[in-house]
1. Failed condition for residue 176, given (1) assigned by TED's automatic domain parsing to the domain that holds residue 45; (2) loosely packed, with under 15 Cβ neighbours inside 10 Å; (3) among the acidic types (Asp, Glu); (4) more than 30 Å from residue 68 (Cα to Cα), with all others met?
2. For region 109-116, indicate whether the set of residues that are at pLDDT 95 or above, surrounded by 13 or more Cβ atoms within 10 Å (Cβ to Cβ), charged (D, E, K, R) and assigned by TED's automatic domain parsing to the domain that holds residue 159 is non-empty.
3. Could you list, in sequence order, all residues of region 92-104 that are surrounded by fewer than 18 Cβ atoms within 10 Å (Cβ to Cβ), at pLDDT 95 or above and either part of a strand (DSSP E or B) or not assigned by TED's automatic domain parsing to the domain that holds residue 136 (or both)?
4. Taking region 322-352, which residues are exposed (fewer than 14 other Cβ atoms within 10 Å of the Cβ) and farther than 21 Å from residue 377 by Cα?
5. Just for region 305-321: of the residues that are surrounded by 19 or more Cβ atoms within 10 Å (Cβ to Cβ) and not acidic (Asp, Glu), which one is farthest from residue 384 (Cα to Cα)?
6. Tell me the residue from 236, 247, 202 that is of a type in the set (D, E, K, R) and closer than 23 Å to residue 191 by Cβ, please.
7. Could you list all residues from region 411-440 that are closer than 23 Å to residue 312 by Cα and touching a residue at least 24 places away in the same chain (Cβ under 8 Å)?
8. For region 160-173, give me each residue that is surrounded by fewer than 17 Cβ atoms within 10 Å (Cβ to Cβ) and either out of contact with any Pro (no Cβ under 7 Å at 6 or more places or on another chain) or not in a strand (DSSP E or B) (or both).
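The values are calculated or read from the model by the stated rules, or taken from the named source; none is laboratory data. In this text, all values refer to a predicted model and were calculated from it rather than measured experimentally. As a convention, Cβ positions derive from the backbone with ideal geometry for all residues, glycine included, and neighbour counts pool all protein chains shown.
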Amino acid sequence: MGRFVRALSLLFALAALGRAQHEQCHSLAFAESAPPWADAAVVPRFDPSLGILTEVAVDLIATQGGEVRLEHLGARPATCEAFAVARVTLRRPDATVLVEARPSFTSSDELAAFDGFVDFVGPSGVTHGPFWGDQPETIALAGSADLALFTGAGTIALPLEAAGAGGTSCPGDALEAEQANGAFVHVCYRFALDCNGNGSPDGDDIATGVSLDADGNGVPDECQVDCNGNGVRDGDDIENGTSADCDGNGIPDECDPDCDGNGVPDGCEPDCDADGLPDDCEPDCDGDAIPDDCEGDCDGDGTPDACEPDWNGDGVPDPCECVARSYCSANPNSSGAPAAIAMEGSTSVRDNDVTLVAGPAPAGQPGLFYYGVARIEEPFGDGFRCVGGAVFRLPPVVVDPGGTAAYELDLSAPPAPEGELAPGSTWNFQFWFRDPAAGGSGFNLSDALSVIFCP
């Protein structure tokens, strides 16, 4: 019928007199609707691997809301009672009653003789509501049949039903009684632990001497952890000095991880990067006893600087020395933005895979990339000239429809011998292009790129 609203489960320890008890509870809520109705409270059965079930507590809270209207039709004044009652019943799967709650509403009113109008107001009428109330009922089940019913795999469906009625103590009077009923169902499994699986609660085992409990923690000694298998629980090994516990984690050192097998637990060895793995078990590419993760790594690629190529032996890895860096200024062109130059590929002369790229620039316009040694910044055309001294021009290109110019640079074939792009050399690149739509001088330039080449 769609009245189920939500279900939740919780497991918590319960302090009890005598035997230590634990409790696992499941709660369900059913929204109010007009009776009669029928539904089912479906809850998980108790998992016997948790322990020995000793009691099932079932709580039922029946709710009631509505309105009662009464019109006295008698010729004389009278004291009239009106009532609305409900019965919400939770049953076992075999339909026998588990628990039943009966919320009710009752009113008593002094009403005058009928005033000629059945309107439930005035001297002869009354309206009560909206009203709301609830009635809780509880039952504790400890019989073997009920404990067996609620134990096992899967779920158990408990039929839930509601019925309601209304009435008055003044026969013949006009009565309208409307109500809606809902319910909250709580099923709690109370159980004792049985860690050794002998069918007897741990507390009883200890009390009768079947099990020992050297530390008085309520857990039989045979269920306590004994990682080294010496017949003594770990806590006693540590307390008595039979075992060391260098990191204070309650586990004897001989049972802790020891990645290098040196007899010292990993948690007690140096760990420069605090990743839980001792330094002497981490990768160490240069064999200096310092883990790679704790050495300098200028380009952040995970390889320490000392293990990166360094063609000139200056202590700076090639990936951090042979780089391309932008410099200089650029003015907006007719595309609406300044052009920027970049390099695709690597700075390795051996790889020879450099492509110069610049944009945005005016589509369809010619231009050229050029390079030189000197870095300058001087007004030139509609922008700035950023490369000075002896310069070397590369073949012209045309800006594509997307506003990008590109040129694949062959490092092995410079425009002139003096412009050789050799390992260790530094060259500065810029893009120079026509821009008649911008007016002014009719040409502009990108910013510049300074590149250090490596072998």
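1. (4)
2. No, because not a single residue in region 109-116 is at pLDDT 95 or above, surrounded by 13 or more Cβ atoms within 10 Å (Cβ to Cβ), charged (D, E, K, R) and assigned by TED's automatic domain parsing to the domain that holds residue 159.
3. Correct list: 97, 100.
4. 336, 344, 350, 351
5. Among those residues, the one meeting the criterion is 317.
6. Working: 236 fails: closer than 23 Å to residue 191 by Cβ; 247 fails: closer than 23 Å to residue 191 by Cβ.
After applying the criteria, what remains is 202.
7. Correct list: 411, 412, 418, 419, 421, 422, 423, 424, 425, 426, 427, 428.
8. Initially, region 160-173 is screened for residues surrounded by fewer than 17 Cβ atoms within 10 Å (Cβ to Cβ), giving 163, 165, 167, 169, 171-172.
165, 167, 169, 171, 172 - these are the residues of region 160-173 that are surrounded by fewer than 17 Cβ atoms within 10 Å (Cβ to Cβ) and either out of contact with any Pro (no Cβ under 7 Å at 6 or more places or on another chain) or not in a strand (DSSP E or B) (or both).
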